[in-house]
Amino acid sequence: MDKVPGSSIVIRDVESAGELREVEELQKQIWGLPDLDVVPLTQMIAARTAGGVLIGAFDGEVMVGFAYGFVGMEDGKPAHHSHMLAVLPEYRNLDLGRRLKLEQRDRVLDQGIELMTWTFDPLQSLNAHFNFNKLGVISDRYFIDFYGRDATSFLHRNGTDRLWVSWMLTSARVGDRAAGKGGAGEFPEAAPLVELSEDDSPLSGDMKEALSSSAAYIEIPMNIGEIEKRDFDLAAEWRAATRNAFTQAIGAGYLVKEFFVRGGGTRRRGAYLLVPKGIGGDLA
Ligand SMILES: CC(C)(COP(=O)(O)OP(=O)(O)OC[C@H]1O[C@@H](n2cnc3c(N)ncnc32)[C@H](O)[C@@H]1OP(=O)(O)O)[C@@H](O)C(=O)NCCC(=O)NCCS
């Protein structure tokens, strides 16, 4: 397929029952979900009517991506929990993911809600870059096997650990990132919690030292999907090492603030930067 220009794609509400069925189909196509795990039309209609948001990216009549979320509560205040965001593979890197999030943000702000949350697998470098760099989220919650151990999608073979991220919709940070300004900047002086070693395996740092420093980092490989296919035990080692580092650091009061892509060639890797809350870690 020739790539269509992203600008010709329209972001708008998902309207008819036929379009809602397309959202069900996209879930199966993108995450490989079995029927029972697909969020059905009835639930989407109920959540949307109760204040949720369901928008699609349309190439003419064809839906090529969507964002779906519902109203939740966070610390006693209304928040929007974004449950799904997806763009068909042949339409990726056209800025549609970002445009869907910005439209979702506008809808939620119009409701007077200032916080959006969602979850993602912290071993997925693309999602980490998208969430932290392009959108400006932060995170101080890590869930072990959030959807259980036996979730069926092909994305879930290595467990379902998730970072719960907060997108503070009215913050200067989010405004800047959404406008394509700012960004993580230079990688600062920081102590390693987990590093990518020469043989691609995770190397754990000195936890005590890292968690008494003003900044710590957790590296991840850029290609966890490939590693899962080639050497599942290695992928499981990455899950165990990063789970241990995130849970200990967050438990010790650190906040996940940025994601960097470091190095080049075979040494290209991702790195989450964590800082103690209250010392450069509060981002209202
Ligand atoms: C996440 C997703 C919605 C992004 O959609 P998209 O339309 O491609 O998003 P955008 O074009 O706005 O941005 C994609 C960014 O990821 C970057 N990217 C692409 N592949 C990457 C990789 N392997 N590692 C790191 N970054 C990557 C792109 O370069 C781009 O960033 P840039 O603008 O700074 O260059 C899409 O990849 C998707 O549907 N994934 C499967 C479903 C999923 O994981 N959903 C959960 C999202 S939290």
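Since every read-out is calculated from the coordinates, none of them should be taken as a lab result. Just so you know, these numbers come straight off a predicted model, no measurement behind them. All Cβ positions, glycine included, derive from the backbone under ideal geometry; neighbour counts span all protein chains shown.
By the gyration tensor of its Cα atoms, with a ≥ b ≥ c the square roots of the eigenvalues, what is the shape of the range 191-276: rounded for a/c under 1.5, prolate for a/b over b/c, or oblate? Walk me through the numbers on the way to the answer.
On the way: a/c = 2.12, a/b = 1.62, b/c = 1.31.
Prolate, since a/c reaches 1.5 and a/b exceeds b/c.
Which listed residue (LEU85, PRO122, ALA252) has the Cα farthest towards the positive end of the charge dipole for the chain, taking +1 on Lys and Arg C-beta and -1 on Asp and Glu C-beta about the Cα centre?
Projecting each Cα onto the dipole axis, the largest value belongs to ALA252.
Relative contact order for the chain using alpha-carbon pairs under 8 Å, separation at least 6, rounded to a whole percent? Could the numbers behind the result be given before it?
Details: 504 pairs, mean separation 39.1, N = 284.
Value for the chain: 14 percent.
Of ILE138, ILE55, ILE227, which has the largest mean-square fluctuation in a 10 Å C-alpha GNM of the chain?
So, out of ILE138, ILE55, ILE227, the one fluctuating most is ILE227.
Would you list THR49, THR170 from fewest to most Cβ contacts within 10 Å?
Values: THR49 8, THR170 11.
Fewest-to-most Cβ neighbours within 10 Å comes out as THR49, THR170.
With the cut-off at 1.5 for a/c, could you classify the range 6-178 from its C-alpha gyration tensor as rounded, prolate or oblate?
Working: a/c = 1.26, a/b = 1.06, b/c = 1.20.
Because its axes are fairly even, with a/c under 1.5, the range 6-178 counts as rounded.
Quick check: net charge around ALA191, other residues with Cβ under 14 Å of its Cβ, Lys/Arg +1 and Asp/Glu -1?
Here the charged neighbours net out to -4.
When the Cα centres of the range 101-122 and the range 11-44 are compared, how far apart do they sit, in Å?
20 Å
Taking 28 Å as the cut-off for C-alpha to C-alpha distance, list the pairs among LYS28/LYS229; LYS181/LYS257; LYS77/LYS257; LYS77/LYS134; LYS229/LYS277 that go past it.
Pairs exceeding 28 Å: LYS229/LYS277.
Positive end of the dipole of the range 191-276, charges at C-beta (+1 Lys, Arg; -1 Asp, Glu), about the Cα centre: which of SER212, PRO276, PRO192 has its Cα farthest in that direction?
Final value for the positive-end residue is PRO276.
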